[in-house]
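Any read-out appearing in this document is the output of simple, stated calculations on the displayed coordinates, not a laboratory observation. Note that the structure is predicted; figures quoted are calculated from it, not measured. Here the Cβ is made from the backbone with ideal geometry for all residues, glycine too, and neighbour counts use every protein chain on show.
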Amino acid sequence: MIRVVLPAHLRKLAGVEREVEVAVDAPVTPRRLLDALEARYPVLRGTIRDQSTLQRRPFVRFFACQEDLSHDDPDAPLPAAVTRGEEPFLIVGAMAGG
Amino acid sequence: MSSVRALVGTRKGAFILEADGKRDRWDVRGPYFAGWELYHLKGSPADPQRLYASQSSSWFGQLVQRSDDGGQTWSPVGNQFDYDGVPGTHQWYDGTPHPWAFARVWHLEPSLGDPDTVYAGVEDAALFRSSDGGQTWHELSGLRGHGSGPHWQPGAGGMCLHTVILDPSDAQRIFVAISAAGAFRSDDGGRTWQPINRGLHSEGIPDPHAEVGHCVHRIAMHRARPHVLYMQKHWDVMRSDDGGDSWREVSGNLPSDFGFPIDVHAHEPDTVYVVPIKSDSEHFPPEGKLRVYRSRSGGNEWEALTNGLPQRDCYVNVLRDAMAVDSLDDCGIYFGTTGGQVYVSPDAGDTWSPIVRDLPPVLSVEVQTLT
């Protein structure tokens, strides 16, 4: 299972605690992880990435293992520690005031 | 006994204000969707318990919420707003072509007769319709594609379709307004559209009398006289007596004819309300005095309404969707400010009092009269 940490607004929207777990078939990539996350929590469709283009929303960032993965290829495998469930995949609202 | 329910959208959530017909004691509920921008909420005229709300965030995009119990509980419905076909470009602020891209829903207008049908005016400017209670949305692309779309340009707040008016006497007739393209009308249920801007004069565009390019801020109609429209434009208060085919200025003796909201008394089609602000760059009341202006003659002659409103050191604004009226015998007038106050006048504007003083900046106010 892949551990995913959602930002507060999306946790409230999805009605979940800070961390959720989703099953993702290997190879685990950001795209497949988000596909699985949105399938389990349909209300999140459109909030993390555009529903048509599947582009990450500009003020949403992806972190894992102390690395910023936001600009990585969405089809590139995630770090092994994430796929093994040792580290969470963090979905973060960018610090931009508000 | 009748009661009223005010639906208030703010920069940081939604609030519902309720009172009986006296409108002197209010229950305040909220915030709903705390932390999100609520550009607009509106109830269905056909089923007052059915409410729609536009919930958005620069971070997490657009959601549409629906309530079937008058706002006690809410459920997210569809939030996919895909333009029909290849959307092409409009003009950017610098005049260069800019790809059409959905940003947010500015205004939700439920059908007059069917609670499951609702229109959404969006940025970048387009009109969408749902016929299944908001689950799915389809663009009425004849508006964006009628020919002038590539020449539309955003106003300072974005290129938003902010006004949707459904004609109660003709189910096929729809009016919309776009900043900064102008007003448009469909006479076939939204399939085809024509600009209705003849008589508008706007400095700051190459041809002040152009067919499109005018920054219309808001249009209002009285249900009993749907061929008469009132418009608050970027500058100028305008009136049309022929369903928008032509317009004439009725700014008259206003201290400034710049402003955002405009509305009409529920029972007097010639009684109109505006809130003048100083200028396009100074979005606050002239002289620091918050004054609603009322015309009882359909424009030109205006009187300041000040009783109960701050008359010194007041520098708030009232945004385009932030004024509403109820339909009780003594028509109530409501407006919300960027300072977080929502004011009510239970006597058509003669006296005012704040319902709440300290909400986040108010984006919209709609009022339902419940029996």
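With θ taken as phi - 60° and the Karplus curve 6.51 cos²θ - 1.76 cosθ + 1.60 applied, the whole-hertz 3J(HN,Hα) list for the stretch B:44-59 is 6, x, 7, 8, x, 7, 8, 10, 10, 9, 9, 10, 8, 7, 5, 7 Hz, x standing for glycine and proline. Site-free segments of chain B were taken between chymotrypsin sites (Phe, Trp or Tyr not before Pro) in DSSP loops having at most 16 other Cβ atoms within 10 Å, sites themselves excluded; the longest one is B:94-314. For B:Lys42, list the lysines whose Cα falls under 24 Å from its own Cα; do not include residues on the same chain fewer than 8 positions away. Straight-distance partners of B:Lys42: A:Lys12, B:Lys12, B:Lys22, B:Lys233. Summary value for chain B: 12 percent relative contact order, contacts being C-alpha pairs under 8 angstrom separated by 6+ residues. Give me the base-10 log of I(q)/I(0) for the stretch B:61-138 at each q in 0.17, 0.27 Å⁻¹, Debye formula, one uniform scatterer per Cα, rounded to two decimals. Treating every Cα as an identical point scatterer, log10 I(q)/I(0) equals -0.69, -1.35. Exposure proxy for A:Met1, B:Met221, B:Met323: other Cβ atoms within 10 Å of each Cβ, ordered fewest to most, give A:Met1, B:Met221, B:Met323. Of B:Leu17, B:Leu254, the sequence from fewest to most neighbouring Cβ atoms within 10 angstrom is B:Leu254, B:Leu17.
Estimated from helical segments only, the mean residue ellipticity of the protein assembly as shown at 222 nm is -1000 deg cm²/dmol, where each DSSP H run of four or more residues counts as -39500 (n - 2.57).
The Kirkwood radius of the stretch B:1-52, taken over pairs of alpha-carbon atoms, gives through the Stokes-Einstein law at 20 °C and 1.002 mPa s a diffusion coefficient of 183 µm² s⁻¹. Taken along its three principal axes, the alpha carbon spread of chain A comes to 34, 26, 26 Å, from the longest extent down to the shortest. If you bin all the Cα-Cα distances of chain B at 20 Å, starting from zero, the percentages per bin are 32, 62, 6. In the protein assembly as shown, the C-alpha radius of gyration followed by the widest Cα-Cα span (Dmax) gives 23.0, 74 angstrom.
Here's how it looks for A:Arg57: its modeled amide H is under 5 Å from those of A:Arg49, A:Asp50, which are all 5 or more places away or on a different chain.
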